[in-house]
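The values are calculated or read from the model by the stated rules, or taken from the named source; none is laboratory data. Not measured: the values here are computed from a predicted model. No Cβ is skipped: glycine too gets one built from the backbone with ideal geometry, and neighbour counts run over all protein chains shown.
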Amino acid sequence: MTRILGEAELTRKQSAVDEHGSSRTVPIEGVRFRATRPVAHEDGYLTEVARTSWETLDSPIVQVHVTTTFPERIRAWGIHRAVTDRLFVAAGLVTFVVFDGREESPTFGRVNQFVVGQLNPGLLVIPPNLYHGWKNIGPADAVIINMPDRMYDYEAPDAFDLSWDSEAARRTIPHRW
């Protein structure tokens with residue numbers, strides 16, 4: 001075999017899917033991802049975001065909001081104590097990351113990463129008590145739709161943040177953006 005400069009530093013690429021097209025990600029307990037697909041028609045494309053018949057949605061949609069994230073910006077780490085987030089990328093390309101810091105969980109310490117966008121759409125369901133966030137890795141604004149299972153409480157929000165670039169985040173979460 002031909003030797004090349006830097007050979008000792010090379011690492012073999014790992015496909016995100018297996019030979020059947022199924023994700024290789026071993027999900028964190030409670031995290032679900034339902035791949036969707038754009039369906040072409042004579043005027044463009046249609047992509048389903050959510051349907052009550054999907055097992056992924058085990059509780060009603062009570063609120064829908066849209067978040068825009070600028071290119072190369074990071075929105076992390078968020079966590080809820082009671083709310084389940086259901087995220088869908090309507091425009092752009094993002095990397096979602098979920099970390100299981102639940103000490104009693106069978107998947108404690110596991111990190112899941114999902115690259116999702118218009119050409120690789122899907123609905124990501126993140127149950128309570130999991131750190132999660134995303135980075136816009138595309139060249140344009142990313143638009144993320146969230147359909148949480150509980151309405152936002154303006155007086156007592158169930159939304160907590162751990163700044164992604166803080167020392168506390170570096171000690172707590174084994175993922176670097």
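The residue list R176, R86 contains one member that is of a type in the set (D, E, K, R) and outside any loop (DSSP other than H, G, I, E, B), which is R86. Would it be correct to say that Q63 is in a loop (DSSP other than H, G, I, E, B) and either touching a residue at least 12 places away in the same chain (Cβ under 8 Å) or under 18 Å from the mean Cα position of the chain (by Cα) (or both)? Yes. Within segment 123-130, the presence of a residue that is in contact with a Pro (Cβ under 9 Å, 6 or more places away or on another chain) and more than 27 Å from V39 (Cβ to Cβ) is excluded. Looking only at segment 15-45, which residues are in contact with a strand residue (DSSP E or B) (Cβ under 8 Å, 6 or more places away or on another chain) and not in a loop (DSSP other than H, G, I, E, B)? Matches in segment 15-45: V17, S23, R32, F33, R34, A35, V39, Y45. The set of residues in segment 98-119 being closer than 18 Å to T68 by Cα, of a type in the set (V, I, T) and surrounded by fewer than 22 Cβ atoms within 10 Å (Cβ to Cβ) consists of V115 alone.
Take segment 66-79 and flag every residue that is among the aromatic types (F, W, Y) and not in a strand (DSSP E or B).
Scanning segment 66-79 gives a single hit, F70.
Scanning segment 145-171 for residues that are farther than 14 Å from V97 by Cα, in contact (Cβ under 8 Å) with a residue 12 or more places away in the chain and not in a loop (DSSP other than H, G, I, E, B) returns I145, N146, F160, D161. None of E29, E55 is acidic (D, E) and surrounded by fewer than 11 Cβ atoms within 10 Å (Cβ to Cβ) except E55. If you go through segment 65-89 and pick out every residue that is aromatic (F, W, Y) and either surrounded by 21 or more Cβ atoms within 10 Å (Cβ to Cβ) or in contact with a Pro (Cβ under 6 Å, 6 or more places away or on another chain) (or both), you end up with 2.
Take the conditions at positive phi and buried (at least 18 other Cβ atoms within 10 Å of the Cβ) and apply them to G92. Does it pass? When the stated conditions are applied, G92 passes them. From the set of residues in segment 126-157 that are at pLDDT below 95 and of a type in the set (S, T, Y), which is surrounded by the fewest Cβ atoms within 10 Å (Cβ to Cβ)? Per the stated criteria, the residue is Y154.
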